[in-house]
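Trainee: Provided herewith is a single structure, encoded as structure tokens, for subsequent inquiry.
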């Protein structure tokens, strides 16, 4: 690894390292278990149904799919993000948390939540997929467990926010360190965004699953769900962006190109992540098309900070490469440290995300969305986003993070490099096939190996899904093996243990305008925009609530 | 792109390349949104709107969903009432003559489903308590499967029906078949 071993700035305390390490441990364990079902789904598409061999351990495709979604999309991400935000907060601010006991309480709340959710999932009492749309009914324990995971993440988030405020009080007029700033924005966004799913579970699903209320309003439930469901993807993505803006330039031997535009992008993500949920409901019956159209426009708005990110991240990389002898309009790319697995994983994640972003414009496009809604295009898309931009970046981050936390050396940098490339190749095959199938009309969430309406012309693409999915699974196994061997390896010479890469910006951050480092105006604007974009529909849908769908347990 | 000269005043410090990029980004955004708007309002390619609500527990007792199927409301114009339920569509087949304009109403008595007619612009989420509605003109003769695109339980993958677009209706096919 090219990461400099010299120790700069504040050193994270051993207690904090251990505690952060537990987050990462739970995250990786969840990724492993959740990924076991990936190839079962992918192989089913070619007619190879392995579920029949693991019955009665697991009963069917949908149960495996639910576990895959919950563990990979919700648990792996949330634990990694909370642990990573803990790190960026203490490292960025140069101080330990103001509230260590609060955060320990939050962490254990999340852990209890995961186990509470796992029990009904494993015994087949919660085969409702990771969107748990009522009136398909899961065990109360499933909803309670998810609530505890979210509440635990809130509590840990309060710790980050309070620590940030304490730092601010001690450092008036000083621009907040970027990595702490970015992590706290994501934390704040998450606190607001999860109100939707919190209201859904506490006022509808939990009382219903406990028999306190008889029935649900499935349309209102969808509106609540997608209030949270879209910002959820930005909650996953922003920590990866944090690394791309605030760490990757350092790893590539350079600096952040523009501190002010990096901050502007994060503010715009706070502002625009939430009031866009109806673009997941374009084909819903109970939402007026005018409101769908407004959300389509706002969703296009999120395209702007994404384009800012593309520019600033690539410009930072170009600057870094040219500092290290890179030349030419495109030739500088060769001067990037492609031998560094952590850098390469994140660069490949960024390339895959480019395709994800383009596909995302189709999803956002109101009527064009009709072509791909509820087809395999959608999981094809989010495997480029959450399963590549996010997951592959997190894998790349963990190549320095896990050695840093444990005081070990990365087990095999060469294997790590190979792992990232295997993921990249597997995902290109898998995701392309899923997108093509979606355009041909293949429904998502469906074991296509047994669906009677599948035409012959799909078979080549179905086979590519199976091949890509299998390659991805091999990559996950390589990753988990690497992390396990790193964790179990001998203590390394402190000189060989990677430090946390924190990129400086080219220009002194103190020159960044003060309004780009002030929560107040952005918070007011965020809440105002949510009230405008969601207020009338929430009043209408809640005012006309009809709890008349009693539902069925699958 | 090089190091900027030392500055002392607060500013955004936007690089000229960056400014151009931002202008291009906004242009692309406005262009795309304009095209989608044109397709939506000038060409009439619309998404489902909020329709009427029904009680999922009584919808089969009376009203149009008591008799799901196809009804001709004017020459070449049809209404189709479809119930999606675990794990079939009622009716399983809709037979229309080529060139027909069909307004399709779908709801569900049990759980959420999807209703997508392959190779058409008909793609709807089916939510108990709500009626999903879209209109489509079938210009080509052939079979158009309609499939369930939302997980609805263990038999989900088997759930589909077919629109038969035919040259001319035979007498017994009128109104489609219902099982």
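The values are calculated or read from the model by the stated rules, or taken from the named source; none is laboratory data. Just so you know, these numbers come straight off a predicted model, no measurement behind them. We place every Cβ from the backbone using ideal geometry, glycine too, and count neighbours over all the protein chains shown.
Trainee: Which members of the stretch B:57-86 meet the condition of being under 22 Å from residue B:111 (Cβ atoms) and in contact with a helix residue (DSSP H, G or I) (Cβ under 9 Å, 6 or more places away or on another chain)?
Mentor: Within the stretch B:57-86, B:59, B:60, B:81, B:82, B:83, B:86 meet the criteria.
Trainee: Still on this structure, please answer the following. Pick out, from the stretch B:79-123, the strands (runs of 3 or more DSSP E) lying fully within it that include 3 or more residues that are closer than 19 Å to residue A:369 by Cβ. Reasoning before the result, please.
Mentor: On the way: elements: B:88-90, B:93-97, B:101-107, B:113-117.
So the answer is B:113-117.
Trainee: Considering (1) farther than 29 Å from residue A:227 by Cβ; (2) buried (at least 24 other Cβ atoms within 10 Å of the Cβ), say which one residue A:278 fails and leave the rest.
Mentor: Here residue A:278 meets the rest and fails (1).
Trainee: Right, here's the next one. Would you point out the residue of the stretch A:375-413, among those that are more than 19 Å from residue A:38 (Cα to Cα) and outside any helix (DSSP H, G or I), that is nearest to the other protein chains (Cβ to nearest Cβ)?
Mentor: Looking at residues that are more than 19 Å from residue A:38 (Cα to Cα) and outside any helix (DSSP H, G or I), I get A:410.
Trainee: Return the total of residues in the stretch A:509-554 being in a loop (DSSP other than H, G, I, E, B), touching a residue at least 60 places away in the same chain (Cβ under 8 Å) and either facing another protein chain (nearest Cβ under 8 Å) or more than 25 Å from residue A:209 (Cα to Cα) (or both).
Mentor: If we filter the stretch A:509-554 for residues that are in a loop (DSSP other than H, G, I, E, B), which is where we start, we get A:512-513, A:518, A:544-548, A:550-551, A:553-554.
Narrowing the set further to residues that are touching a residue at least 60 places away in the same chain (Cβ under 8 Å) leaves A:512-513, A:545-548, A:550-551, A:553-554.
Of the ones still in play, those that are also either facing another protein chain (nearest Cβ under 8 Å) or more than 25 Å from residue A:209 (Cα to Cα) (or both) are A:512-513, A:546, A:548, A:550-551, A:554.
Result for the stretch A:509-554: 7.
Trainee: To continue, here is another question. Can you pull out the residues in the stretch A:493-508 that are more than 14 Å from every other protein chain (Cβ to nearest Cβ) and crowded, with 17+ Cβ neighbours inside 10 Å? Working first, answer last.
Mentor: Taking the stretch A:493-508 as the starting set, the residues that turn out to be more than 14 Å from every other protein chain (Cβ to nearest Cβ) are A:493-503.
Listed by number, the residues that qualify are A:497, A:498, A:499, A:500, A:501, A:502, A:503.
Trainee: Among B:99, B:129, which is the only one that is modelled with pLDDT of 95 or more and surrounded by fewer than 17 Cβ atoms within 10 Å (Cβ to Cβ)?
Mentor: Values: B:129 fails: surrounded by fewer than 17 Cβ atoms within 10 Å (Cβ to Cβ).
Only one candidate passes the filter, namely B:99.
Trainee: For the stretch A:308-323: of the residues being surrounded by 19 or more Cβ atoms within 10 Å (Cβ to Cβ) and either more than 8 Å from chain B (Cβ to nearest Cβ) or within 20 Å of the chain's Cα centre (by Cα) (or both), which is farthest from residue A:249 (Cα to Cα)?
Mentor: Initially, the stretch A:308-323 is screened for residues surrounded by 19 or more Cβ atoms within 10 Å (Cβ to Cβ), giving A:308-309, A:311-313, A:315-321.
Narrowing the set further to residues that are either more than 8 Å from chain B (Cβ to nearest Cβ) or within 20 Å of the chain's Cα centre (by Cα) (or both) leaves A:308-309, A:313, A:316-317, A:320-321.
Numbers: A:308: 16, A:309: 13, A:313: 8, A:316: 6, A:317: 6, A:320: 6, A:321: 9 Å.
Step by step, filter the stretch A:308-323, then rank; the result is A:308.
Trainee: Exactly one of these conditions fails for residue B:10: (1) assigned to a loop (DSSP other than H, G, I, E, B); (2) more than 10 Å from chain A (Cβ to nearest Cβ); (3) under 27 Å from residue A:311 (Cβ atoms). Give me its number.
Mentor: The one condition residue B:10 does not meet is (2).
Trainee: OK, next. Whether any residue in the stretch B:34-51 is assigned to a loop (DSSP other than H, G, I, E, B) and more than 8 Å from every other protein chain (Cβ to nearest Cβ) is what I want to check.
Mentor: Step one: filter the stretch B:34-51 for residues assigned to a loop (DSSP other than H, G, I, E, B), giving B:43-51.
If we keep only those that are more than 8 Å from every other protein chain (Cβ to nearest Cβ) too, we end up with B:43-44.
Yes, the stretch B:34-51 contains a residue that is assigned to a loop (DSSP other than H, G, I, E, B) and more than 8 Å from every other protein chain (Cβ to nearest Cβ).
Trainee: Here's another thing I want to ask about it. Of all residues in the stretch B:152-161, how many are buried (at least 19 other Cβ atoms within 10 Å of the Cβ) and more than 7 Å from every other protein chain (Cβ to nearest Cβ)?
Mentor: 3
Trainee: Same structure again: Which condition breaks for residue B:60 when tested against (1) surrounded by fewer than 21 Cβ atoms within 10 Å (Cβ to Cβ); (2) touching a strand residue (DSSP E or B) at 6+ places or on another chain (Cβ under 8 Å); (3) closer than 29 Å to residue A:280 by Cα?
Mentor: Looking at each condition in turn, residue B:60 falls short on (3).
Trainee: May I ask you to verify whether residue A:296 is within 30 Å of residue A:436 (Cα to Cα), at the interface with another protein chain (Cβ under 9 Å from one of its Cβ atoms), part of a helix (DSSP H, G or I) and in contact (Cβ under 8 Å) with a residue 60 or more places away in the chain? Please lay out each step first, then the result.
Mentor: Details: within 30 Å of residue A:436 (Cα to Cα): yes; at the interface with another protein chain (Cβ under 9 Å from one of its Cβ atoms): yes; part of a helix (DSSP H, G or I): yes; in contact (Cβ under 8 Å) with a residue 60 or more places away in the chain: yes.
Against the criterion (within 30 Å of residue A:436 (Cα to Cα), at the interface with another protein chain (Cβ under 9 Å from one of its Cβ atoms), part of a helix (DSSP H, G or I) and in contact (Cβ under 8 Å) with a residue 60 or more places away in the chain), residue A:296 qualifies.
Trainee: Still on this structure: Has the stretch A:387-402 got at least one residue that is touching a residue at least 40 places away in the same chain (Cβ under 8 Å) and surrounded by fewer than 21 Cβ atoms within 10 Å (Cβ to Cβ)?
Mentor: No, that holds for no residue.
Trainee: Determine, yes or no, whether residue B:149 is more than 7 Å from chain A (Cβ to nearest Cβ) and either modelled with pLDDT under 95 or assigned to a loop (DSSP other than H, G, I, E, B) (or both).
Mentor: Working: more than 7 Å from chain A (Cβ to nearest Cβ): no; either modelled with pLDDT under 95 or assigned to a loop (DSSP other than H, G, I, E, B) (or both): yes.
For residue B:149, the condition - more than 7 Å from chain A (Cβ to nearest Cβ) and either modelled with pLDDT under 95 or assigned to a loop (DSSP other than H, G, I, E, B) (or both) - is not met.
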